[in-house]
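Okay, so here's the structure we're looking at.
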Amino acid sequence: MDLYTALSMTASFVYLAISLSLAAITSLFYPHYFSSWVFLIVILFALTPYLPGVQSGLKMKSMAVLMAICALILSSLMSLHPALYIVYLAILAGLTVLVREYEPLYAWPVFVSSLLVIVLNDLTYVADVLLAAGITLLVQLIIAIIENRRERQQYFHNYISELKQLTYDVFDCFLDPDYSHNIYIFEQRLHRQKMKCLKLASDLQVMMPSMRNHDQRTHEQAYLIFIETLYQHIQNVSILRWRVTDYTAFSLCVQELKGIVGELGLCLDHVWSRIKGNRNTFETTALTYWIGRLDDNYHNVLQVAAREPLVFALFVDGLFSLRDALNHFYGRETKA
Amino acid sequence: MIVVKEIFKTYIVRHTCSSVAALLIAGIMQHFFSYSNAHWMVFSAFMMCQVSRGAPIRQALIMIAIMLLALIMANILMSQDHFFVHYIILSLIYFMTGMVVLVNRPLIYRYFVAIILFMIVFTSVVLQQGMPNNILPNQLIDLILGSFIGIACGVMVLPIRVIDDFYDGLLQVLKLLRIYMQQLSDCYKEGRSLNKEQSLQMMHKMMLAKSNAYPEWVYDVGFNRLLRSGFRYYLIVIDRIIEILNSIELLSYECKEYELVTDYGLLLAEVMDQNQYLVAVVSEFIELKKVSDLSQDFVSDINSLELTLQSLIPAGLDLIELTPQFIKTTALVRDMRDLRDLLLKLVVALPIEHHKKV
């Protein structure tokens, strides 16, 4: 686990601890007004997903709170007649499905409202919902001041982590002899990983315009374009897996491929350090060494032994382009 | 009437209707036949509506297992009279669930629901007051009945039309592929390379524009055994086409300094136009079940591109590495050839004969 994940876990723990402690203190002082359900409601509101800067935490959580209160009030009115209540539940279920399919980001508030109606279904619990709402919004308001940059950074961190995983998955296709027998499994894994990267990139792109600081925005936009370029290069390199028809060719360069993927992982870690603002050294010498070794291997062995030597030449060129992109980023960063 | 029919063909409307039906039936059953006098029947039916379309029954079974586990564990806990322990365990569950969700943000909706399911069921049992001692069997019966209603409605009331849904998703992706190819072709004709941001946005659109457009649910574990190999084949070929287009775009950008795109833009554009035609053939077959003219020549354009660009490069594997220009040009031509092969594979895999027979 790297330091950033540890910090992120600590922050999440503190956030949950503050929310639950506030709920515990309030319900201890006013035991006649609030029930133990308040803890569950606090957690459900606290977990509301959001997109920092766009659908901010405060906005999404307020929406969840409002929806839950309205749904509970309506539910208590509908419970006057069982038939009405049943129809109301059915409409809520339909609404949950509709929102989930059309606007996935808003699915959670609707889901939570429906859930509270089903599980609680009593006006007496509105007090609990109000207390939970107060606590969630108060904590959100406090952390909103510091959260925006940190939240965006978490998205950058996740993006680079997923990109690293994508790189490992791509090289797994070369290194794992099972690839040719289980293409669907490997391709499914790759597809899911690509989608994760694209989703994070897309979220980051949506967040960018909301940044007020122009310099910082330009800076982070440049980072985003760079990471997307890396994603393109990794995709470009991954083409080798289906261009090669004789998979035994990979066994001739296992050592080099392992070296390259290990170094690529380290380079991506360095990129993350740079984005975080660390001025540590950033070197691609080891990566160049392993690509060079693969190039030598290509000239001495693969060119003779592989059924399609050309695709390996293109692969090596793709790796050099990836290395150049990393060097270009490093050069620009050093100048800055 | 036709419009209504069309509306009821869409997955969203069908799934919404089946969810509404499930909750209506579960609500009525709970009102008249509930064993536990609690919300379990409606709750489990509601949870069954949250499954995705790839493998709904498998996901429903996983959810049932989670709910049963939570129900049994909570009842075991309730049999002990130490309230302090109850609250400690509840707090632990809250923290663990909260941490898993917060640290792994953004989570896919159905994973999100599965993670919090245990917490909700557990809390519901622990906090429900005035429950008799031996309520567990009744709760289990209600929960299983509700789940059965949810699954049955999903399967019987306007069930998912897997083939139509898959084709709908595929059509949207193919449409975007055509737009992307058109953009590349225009760029080649004008002798410029595609704007970096523009191309990245295009790639995002292809896979994410409408989060439900890309039919990736065919990758779900437990997806229909008879259909999955065919559907997954299509998706894999499309993924590879996207990869190749990405590579072509990257190479066109890198080749800018060698004026390759400027000098041979028309040739590249011609190949790209033919590719577009092939995508149109696939789209038309999926949409109208009609096959366009396939007697066209899909080889000469790519051959002529290869011959022209090969004349710029020295023959021999060792020599192409002499300068970056040679290797980039070779890579671009190879990408074009591979793209054509992939598109032809897509066309060949169309069930044209089957439809002719029908």
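Only the coordinates and a few stated rules stand behind these numbers; no lab work does. The model shown is predicted, which means the values in this text are computed figures rather than measured ones. Positions of Cβ are generated from backbone atoms using ideal geometry, with glycine treated the same way; all protein chains shown enter the neighbour counts.
Values as computed for the structure displayed
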{"quantity": "Debye intensity ratio in log₁₀ form over the Cα atoms of chain B, taken at each q of 0.12 Å⁻¹", "calculated": "-0.94"}
{"quantity": "Gyration tensor over alpha-carbon atoms, chain A, equivalent ellipsoid semi-axes in Å", "calculated": "50, 24, 16"}
{"quantity": "Rg and Dmax [Cα atoms of region A:101-245; Å; Rg one decimal, Dmax integer]", "calculated": "21.4, 68"}
{"quantity": "Cα gyration tensor of region A:204-336 - equivalent ellipsoid semi-axes, whole Å, descending", "calculated": "34, 16, 10"}
{"quantity": "Dipole magnitude (debye, nearest 20) for region A:170-225, charges at Cβ of Lys, Arg, Asp, Glu", "calculated": "280"}
{"quantity": "Rg in Å to one decimal, and Dmax rounded to a whole Å, for region B:115-176 via C-alpha atoms", "calculated": "19.7, 61"}
{"quantity": "Equivalent ellipsoid semi-axes, the protein assembly as shown, via Cα gyration tensor eigenvalues times 5, rooted, Å", "calculated": "51, 31, 22"}
{"quantity": "Lys/Arg +1, Asp/Glu -1 at C-beta; region A:170-244 dipole; positive extreme among A:198, A:174, A:226", "calculated": "A:198"}
{"quantity": "Out-of-range pairs (alpha-carbon distance over 30 Å; input A:199/A:276; B:289/B:328; A:258/B:189; B:9/B:175; A:194/B:290; A:61/A:164)", "calculated": "B:289/B:328; A:258/B:189; A:194/B:290; A:61/A:164"}
{"quantity": "Residue exposure sequence - B:185, B:147 - by fewest surrounding Cβ within 10 Å", "calculated": "B:185, B:147"}
{"quantity": "Point-charge dipole on Cβ atoms (K/R +1, D/E -1) for the protein assembly as shown, about Cα centre, debye to 20", "calculated": "1560"}
{"quantity": "Residue-by-residue Karplus 3J(HN,Hα) for region B:275-284, coefficients 6.51, -1.76, 1.60, Hz, glycine and proline x", "calculated": "4, 4, 4, 5, 5, 5, 4, 5, 4, 5"}
{"quantity": "Reciprocal mean inverse distance between Cα atoms of region B:3-109 - Kirkwood radius, Å", "calculated": "16.9"}
{"quantity": "Average projected area [Cα convex hull, region B:1-41], square nanometres", "calculated": "3.5"}
{"quantity": "Under 18 Å from the Cα of residue A:59 - aspartates and glutamates, other chains or at least 8 residues apart", "calculated": "A:103, A:147, A:151, A:203"}
{"quantity": "Cα-based shape type of region A:92-134, given that a ≥ b ≥ c are square roots of the gyration tensor eigenvalues and the cut on a/c is 1.5", "calculated": "oblate"}
